[in-house]
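Here is the structure we will look at.
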Amino acid sequence: MDLNSTSYVIDTLYMIFSMTLIILMVPGFAMLEAGIVRTKNVTTVLTINTLIYAIASIMFLLVGYNIAFGELANDSVSKWAILLFQMAFVGKVVNIMSGGISERAKVIPISIFTLIMSGFIYPLVVNITWGTNFLKDTFLELNLYDLAGSTVIHSTGGWALLAAILIIGARKGRYVKNTIRVIPASNIPLVTLGAFLLWIGWFGFNGGSVGSISSKEGANAVALTILNTNTSGLAGAIMVALLMYIKYKRLDITMILNGALGGLVSVTAAPDLYNMYEPILIGFIGGALVVFGVSFFDRLRLDDPVGALSVHLLNGIWGTLAVGIFASDGNDITLLGQVKGIIVIGIFAFCVSYVVLYLINKVITLRAHNDEEMQGLDVEECGLEAYPEFKRAF
Amino acid sequence: MDLNSTSYVIDTLYMIFSMTLIILMVPGFAMLEAGIVRTKNVTTVLTINTLIYAIASIMFLLVGYNIAFGELANDSVSKWAILLFQMAFVGKVVNIMSGGISERAKVIPISIFTLIMSGFIYPLVVNITWGTNFLKDTFLELNLYDLAGSTVIHSTGGWALLAAILIIGARKGRYVKNTIRVIPASNIPLVTLGAFLLWIGWFGFNGGSVGSISSKEGANAVALTILNTNTSGLAGAIMVALLMYIKYKRLDITMILNGALGGLVSVTAAPDLYNMYEPILIGFIGGALVVFGVSFFDRLRLDDPVGALSVHLLNGIWGTLAVGIFASDGNDITLLGQVKGIIVIGIFAFCVSYVVLYLINKVITLRAHNDEEMQGLDVEECGLEAYPEFKRAF
Amino acid sequence: MDLNSTSYVIDTLYMIFSMTLIILMVPGFAMLEAGIVRTKNVTTVLTINTLIYAIASIMFLLVGYNIAFGELANDSVSKWAILLFQMAFVGKVVNIMSGGISERAKVIPISIFTLIMSGFIYPLVVNITWGTNFLKDTFLELNLYDLAGSTVIHSTGGWALLAAILIIGARKGRYVKNTIRVIPASNIPLVTLGAFLLWIGWFGFNGGSVGSISSKEGANAVALTILNTNTSGLAGAIMVALLMYIKYKRLDITMILNGALGGLVSVTAAPDLYNMYEPILIGFIGGALVVFGVSFFDRLRLDDPVGALSVHLLNGIWGTLAVGIFASDGNDITLLGQVKGIIVIGIFAFCVSYVVLYLINKVITLRAHNDEEMQGLDVEECGLEAYPEFKRAF
């Protein structure tokens, strides 16, 4: 064993470790969403999450990776580890979108969208940001700093979700005249479990995005990244708890956990660049944005059962801006560059997703029939109830 | 720190990492099985899973390791890490067997079988395959390639299960005259959570079985192994989803997840030897075998609530054959050697398990009384219901 | 990459790995407690667990670390990794305490206690044991061996819990005249999942406490530590299963899992110093102490829904004594030194916690109103039921 291969080995091991944490996000999203939707739609949500992981990963392996990064190369770290790490990201973009159209969207159209998103849309976004950027020499050179994807992952998923909600509409009975009906989460322990699995997965997501741990600088950057990631999540949770307590004297745990996720999204663009205190402020704002966003989107009649527009889209934007505000000293990061990145990718992700979803909806209908929706999607879509032995309270 | 100890340290760290992932399979199996059985048997299943982990691990520490591998040695990696890694495997073999006789088998006889399986039967299987093979100089030299146990773990557990089902029989009311009564899973989120914990645990199981990550070749082999492991699981899930949709227009998530597990079992014999595309085919066949197997074993009146015969036995065999088909170039792997390994271990595991279970059944009865089974095993075996506050729908 | 930075990198990676496992204890505690309490208090318990993690971590980052260890230093491992690792410990101390006053303690007073415990009380305990010990030159030099906190973490949390129970009293209806009413756990799969997440987290807790893996000796010490940690947990589970079966012919899984946790606590003071067989005995005694403790504390009318006094306080003491009994050869560990450590920290932790909780209780009342308690704390504290769609059996 020589020093050169030591570095190769350690970085490969570190990529594998990070990838494993990210895969915890698969049950993470699945449990979170299964806990939030009504019992009659739980099996469908779990099926969608499983198929997204399967389809997105295989598509990225077969097609997407090449579009994003070109050929698999093998120099400072095992190419298989890089592929594993990048494959672990893909499903997340679709998860963000599928969660927000839960309880009315069918499995097959989401699966088809997953094919296209993970094979083409997301890889193109990656191409012009983290990847080979085939447009670079012509006209599109983005000067975007986005370490682990506040924009590339979270906003992209969020824009796709916005397109999907505009096409599919709200759940029946959610907005009736001037009232907004609150639909309570059906299983709070699952929501909590899911949120913490996501949180832990984030350590792999952001930490692994640093790329190399095999030098003192690398090791410090990785550790600081994970520290800051965690801190921003903590701050998001605390801010929402404070706001909830001040406003309602009641601590809504689903909101607090979404606050944590909002904090995690908002630090994701540059956890390696902040000092150890800045993520507290970034996460506080991230948490506040979740509280603001949830009622904002409700007022716009954009029905999003899991709050993904607030957590991922708003905080993805905020997180990308925050880099320009807090971390633009002594490097070539500019607030303008960040804004340009947000806008270019936003327009691309939203428009392409809209067109694709519009076409899918034309051909096979994205939305379940009304009586299927009333009965719950599980029976018709999956032929299985989630909790068949438990008597329903209503 | 010198280069020699660097390699020692990294491989020790990697063994510990892999072992930790494998231990995630303990709650993995527990949640999967707790979600599949009826609520009245959930506590019993969880108790069995916990005791299997406890008894199997201690027995392997005290007796089994020595039978399998001889004395604990200490050269290229910490002997404690090797022991930890190997100990993590043992319980899985019994888990495979206990899951398939759920809802009628009692805790104590399974615990006694666990003692014998983990102290003697499994260590002997390991001895003649991965271990010291004390029969080698006399007559039994197996030329079996089985990296992480398609045969050694999964088929062995599967053969023990087949013996157990033949002895214990089907659940009451499962096969009445010519009809097969479907007993639905009671908690789909738990099934999903369990399956994904198993999936993630597999990265440690197969990846760790490569043995050393501390060279470029080692790092590449580990990363390729984990990539291929994952891919085959993805392919298994997709194949079952397609078959389910074509046959029934409904996506049965319990079958899809079993398809993933079938894909994972089937790649397990040689994930380090396949190129990155072969596992797609291997997993597709693995998934198809699950769909075929579940109705095949039902036609034979072999009642297996979790589908373990299809997932572990059929796919264990298929996975071991696949090495001979796809990976026998430029090495001394032969299809015949693989077949011989499958047969020798199959006969040994089945016969010894049958005799041991037969004797246990003679002395203390493997099966719960009829009215205990009707009432659910939880009350009599554990004195605790799993969900005492939830009203049953039936 | 040079050899010096190799060691730095590997130890940083190892700290991050260990920290990640410890964070699994956050959902671990949350699921365990959510499964044990009645459905009407589940959301409150989850909210408390989430807020403890958020508040305790931030407080330790801002205040506590400095009190415990002085300035963040940076020599053999990334200071950010050390901070991350130490931050991961803090919440656990409060978790131990909050679990035992479940079903009657309110969120806000526990949150305030969390601030003080994680910012001041726990850091002072760490200061005089693992930390800089500002009292060393005056009068308090403890000669306590406590690798990963049998006393520093578990007893400290346990003493705080004892103080809290004395102040808050038992749940309504728990002790009526001469009868002790058993309140069954509401969700056994969650209890099991939580216990195993804690178990796995312990590998990081104890293994990481060895401090360095980057030498042959370090690697062996870490692997032995994790092996022994696991073994003691296994032994604790087996002992309780035996005792339960002998006494009641029924295997109470909640007790068996608490036995495992008791075994884990009791080995925690010196898993690096025992040979591979001693943890079996230590864990056996740990398990027996849980069985003894649970009825002992019930006879004293100390109502502790999760059994934390037995698991953490009794076994924390036993584990600290065990070092003096089994591991005091060829080093300067003495049984007397261990006893002194137990007493000094016990008095400090109990008294300060008592005073702080007493004052909090005076100002804002620790305990929910009687009718809030009858109705369940979830409605008033959180405004959310944990399982709103599930009909209650009673």
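The values are calculated or read from the model by the stated rules, or taken from the named source; none is laboratory data. Nothing here was measured: the structure is a model prediction, and the numbers come from that model. Cβ sites come from the backbone with ideal geometry, for glycine too, and all protein chains shown count toward neighbours. These accessible areas exclude ligands, DNA and RNA; they are computed on the full protein's heavy atoms, side chains included. Shrake-Rupley method; radii C 1.70, N 1.55, O 1.52, S 1.80 Å.
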Out of region C:380-394, which residues are farther than 21 Å from C:GLY99 by Cβ and of a type in the set (A, V, I, L, M, F, W, C)?
-> C:PHE390, C:ALA393, C:PHE394
Does B:ILE188 meet the test of being within 30 Å of B:LYS40 (Cβ to Cβ), touching a strand residue (DSSP E or B) at 6+ places or on another chain (Cβ under 7 Å) and modelled with pLDDT of 95 or more?
-> no
Hey, can you tell me all the residues within region A:174-189 that are open to solvent by 10 Å² or more (accessible area, probe 1.4 Å) and either under 18 Å from A:MET25 (Cα atoms) or without any contact (Cβ under 8 Å) to a residue 12 or more places away in the chain (or both)?
-> A:VAL176, A:LYS177, A:ASN178, A:THR179, A:ARG181, A:VAL182, A:PRO184
Can you tell me how many residues in region B:229-243 are at the interface with chain A (Cβ under 9 Å from one of its Cβ atoms) and free of Cβ contacts under 8 Å to residues at least 40 places away in the same chain?
-> 2
Being open to solvent by less than 10 Å² (accessible area, probe 1.4 Å) and either touching a Lys or Arg at 6+ places or on another chain (Cβ under 9 Å) or polar (S, T, N, Q) (or both) is the filter; apply it to region C:53-83 and report the residue that is farthest from C:ALA105 (Cα to Cα).
-> C:SER78
When region B:119-138 is examined, which residues are found to be aliphatic (A, V, I, L, M) and not in a helix (DSSP H, G or I)?
-> B:LEU135
State which residue is farthest from B:TRP159 (Cα to Cα) when the search covers only region B:318-333 and only residues that are modelled with pLDDT of 95 or more and open to solvent by 40 Å² or more (accessible area, probe 1.4 Å).
-> B:PHE326
Among the charged types (D, E, K, R), in contact with a helix residue (DSSP H, G or I) (Cβ under 8 Å, 6 or more places away or on another chain) and over 28 Å from A:ILE360 (Cα atoms), is that true of A:ASP146?
-> yes
Do the conditions hold for C:ALA219, that is, is it among the hydrophobic types (A, V, I, L, M, F, W, C), open to solvent by less than 10 Å² (accessible area, probe 1.4 Å), facing another protein chain (nearest Cβ under 9 Å) and under 19 Å from C:GLY293 (Cβ atoms)?
-> no
Lone qualifier among B:ASP303, B:ASP298 - being part of a helix (DSSP H, G or I) and over 22 Å from B:GLY149 (Cβ atoms) | B:ASP298
Could you pull out the residue among C:ILE246, C:ILE226, C:ILE200 that is open to solvent by 10 Å² or more (accessible area, probe 1.4 Å) and either part of a helix (DSSP H, G or I) or facing chain B (nearest Cβ under 8 Å) (or both)?
-> C:ILE246
Hey, C:LEU313 in contact with a helix residue (DSSP H, G or I) (Cβ under 8 Å, 6 or more places away or on another chain), surrounded by 20 or more Cβ atoms within 10 Å (Cβ to Cβ), touching a residue at least 24 places away in the same chain (Cβ under 8 Å) and not acidic (Asp, Glu) or not = yes
Does region C:86-94 include one or more residues that are crowded, with 24+ Cβ neighbours inside 10 Å, over 18 Å from A:LEU227 (Cα atoms) and among the hydrophobic types (A, V, I, L, M, F, W, C)?
-> yes
Scanning region A:1-21 residue by residue, the ones that are polar (S, T, N, Q) and at the interface with chain B (Cβ under 7 Å from one of its Cβ atoms) total 4
Working only within region A:249-266, note down all residues that are open to solvent by 10 Å² or more (accessible area, probe 1.4 Å) and under 17 Å from C:VAL107 (Cα atoms).
-> A:LYS249, A:ARG250, A:ASP252, A:THR254, A:MET255
Filtering region B:335-368 for residues that are within 14 Å of another protein chain (Cβ to nearest Cβ) and open to solvent by 10 Å² or more (accessible area, probe 1.4 Å) leaves a count of 1
Do you know which residues across region C:138-173 are hydrophobic (A, V, I, L, M, F, W, C), at pLDDT 95 or above and open to solvent by 10 Å² or more (accessible area, probe 1.4 Å)?
-> C:LEU147, C:TRP159, C:LEU162, C:LEU166, C:ILE167, C:ILE168, C:ALA170
Flagged in region A:369-394 as among the small types (Gly, Ala, Ser) and either facing another protein chain (nearest Cβ under 7 Å) or farther than 27 Å from A:ILE165 by Cα (or both), in numbering order, are A:GLY383, A:ALA386, A:ALA393
In region A:352-378, what residues are closer than 19 Å to B:ILE246 by Cα, in contact (Cβ under 8 Å) with a residue 12 or more places away in the chain and assigned to a helix (DSSP H, G or I)?
-> A:ILE364, A:LEU377, A:ASP378
C:ASN41 being more than 10 Å from every other protein chain (Cβ to nearest Cβ), surrounded by fewer than 24 Cβ atoms within 10 Å (Cβ to Cβ) and modelled with pLDDT of 95 or more | no
Test: C:ILE343 is over 28 Å from C:ILE48 (Cα atoms) and of a type in the set (Val, Ile, Thr) | yes
Could you list all residues from region C:59-93 that are of a type in the set (Val, Ile, Thr), within 13 Å of chain A (Cβ to nearest Cβ) and closer than 19 Å to C:PRO27 by Cβ?
-> C:VAL90
